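Written below as structure tokens is the structure these notes are about.
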Amino acid sequence: MIQYLVSVGTLGVITAILVLGVNVRWGFAGELDLGFYLFPAVGAYIYGVVTLPKASKAASISYILGWNQSFPVGVLAAAVVGAVLALVLGAISLRRLRANYFAIVTVASAIIGYAFISQYKPLFNGYNGLYAIAQPFSGSVNLDAQQYADFFFGICLAFLLVIYAILEMIRRSPFGRAVKAVREDEVAALAFGRSPYVLRLKAYVIGGVVGAIGGALLVNYVQAFSPTAWSPLETFLLYGALLVGGTGNNLGAVLGAMVVLIAFPQLVLLLPGLASSPDALPAIENMVVGALIILTLYFKPGGLIPELKSMSGQFRTRGQWNVFWRRKARVSPTADASARQATS
């Protein structure tokens, strides 16, 4: 039981990182990137070819690089390539395209990447993908299977905490407020001397880096990666998690990932009769998860943790509202009536 909970928790932490990447683009900057999963996929592939040894021609495996590097080097390489890819795609698509047109371009980019990677075998072994990826630090730590699972969960949790802290600092920074201003009213932000294109491009690159790091951790978790692992459904599930948790709110993004991508699928497994039809389980799971997302958004349109109007943080904002109500309560009824009579 403990091993199962650790495995589910590890997957939840990794998906929370991916949802945070979506939140940077859609929640902070208002960029509807429907091809977001291209960046976790590229991060997973780059991590694989950087950490794997040279491809063996005898085993009919073909991929680039094969540097046999360590876990930190692989994650760093994935983040750098994710940033470069985001910079190139964002520089092209964000300059002239907005809203629906930008979303179409991102979908087209993901389709092109999927087709090229799956068909061009010398790049990442084509449709068969990469496999036999060594787990991080497995050769330097002397742990059994359960201990190593706990160890890897700690690594993923550390990444989540660091990324969350950095994104929260960005959200509270002048840059974060400027990005939100562009999302709310681009013309007004432009009138105050802000460049919507530059701000959106920076947010797009940050989201690409977070997505690539999440992909590097994901390929460590599954120890293999192929084009079948990044269908368009994955991106829509990430957006569903963000909408349920709360758009524009880092805490809501993490909560949404845990609820939609972890808790909802686990609840589906408790439905009676599914054990007798294992082939139908994925389809039933997607339908039930979709229905639960719709119900959650119907009763909580802003998500479980709605975005705050203030950028200063949830606890401080609540304190400001408490001060406001206390000040209002201090006004006596006589003074309040006198004020209304004077203004009438």
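The values are calculated or read from the model by the stated rules, or taken from the named source; none is laboratory data. All values derive from a computational prediction rather than experimental measurement. Quick reminder, even Gly has a Cβ in these numbers, built from the backbone with ideal geometry, and neighbours come from all protein chains shown.
Checking Gly246 against (1) at pLDDT 90 or above; (2) closer than 27 Å to Leu304 by Cβ; (3) crowded, with 24+ Cβ neighbours inside 10 Å, only one condition comes out false. Which one? Every condition holds for Gly246 apart from (1). Only one of the numbered conditions (1) crowded, with 20+ Cβ neighbours inside 10 Å; (2) within 24 Å of Asn250 (Cβ to Cβ) is violated by Arg172, and that is (1). Select from the stretch 219-229 the residues that are crowded, with 24+ Cβ neighbours inside 10 Å and out of contact with any Leu (no Cβ under 7 Å at 6 or more places or on another chain) and write down the one among them that is nearest to Tyr239 (Cα to Cα). Filtering the stretch 219-229 for residues that are crowded, with 24+ Cβ neighbours inside 10 Å and out of contact with any Leu (no Cβ under 7 Å at 6 or more places or on another chain), the one nearest to Tyr239 (Cα to Cα) comes out as Val219. Note on the stretch 36-70: residues that are closer than 28 Å to Pro174 by Cα and part of a loop (DSSP other than H, G, I, E, B) amount to 1. So, Gly126, is that one of a type outside the set (A, V, I, L, M, F, W, C) and more than 19 Å from the chain's Cα centre (by Cα) or not? Yes: the conditions hold for Gly126. A single member of Ala188, Ala132 is at positive phi, surrounded by fewer than 16 Cβ atoms within 10 Å (Cβ to Cβ) and in the same structural domain as Leu76 (by TED's automatic domain parsing), and it is Ala132. Quick check: is even one residue across the stretch 31-45 surrounded by 24 or more Cβ atoms within 10 Å (Cβ to Cβ) and among the β-branched types (Val, Ile, Thr)? Yes, some residue in the stretch 31-45 is surrounded by 24 or more Cβ atoms within 10 Å (Cβ to Cβ) and among the β-branched types (Val, Ile, Thr).
Does Leu18 qualify as being in contact with a helix residue (DSSP H, G or I) (Cβ under 6 Å, 6 or more places away or on another chain), assigned by TED's automatic domain parsing to the domain that holds Ala229 and free of Cβ contacts under 8 Å to residues at least 60 places away in the same chain? Criteria not met by Leu18. Apart from one condition, Tyr4 fits all of (1) under 17 Å from the mean Cα position of the chain (by Cα); (2) surrounded by fewer than 20 Cβ atoms within 10 Å (Cβ to Cβ); the exception is (1). Do we have any residue at all in the stretch 71-93 that's part of a loop (DSSP other than H, G, I, E, B) and in contact (Cβ under 8 Å) with a residue 24 or more places away in the chain? Scanning the stretch 71-93 turns up no residue that is part of a loop (DSSP other than H, G, I, E, B) and in contact (Cβ under 8 Å) with a residue 24 or more places away in the chain. Could you say which residue among Phe102, Phe124 is among the hydrophobic types (A, V, I, L, M, F, W, C) and at pLDDT below 90? The match here is Phe102. In the set (1) surrounded by 19 or more Cβ atoms within 10 Å (Cβ to Cβ); (2) farther than 30 Å from Lys57 by Cα, Asn142 fails one condition alone, (1). Residue count for the stretch 24-35 under the criterion of being assigned to a helix (DSSP H, G or I) and among the charged types (D, E, K, R): the result is 1.
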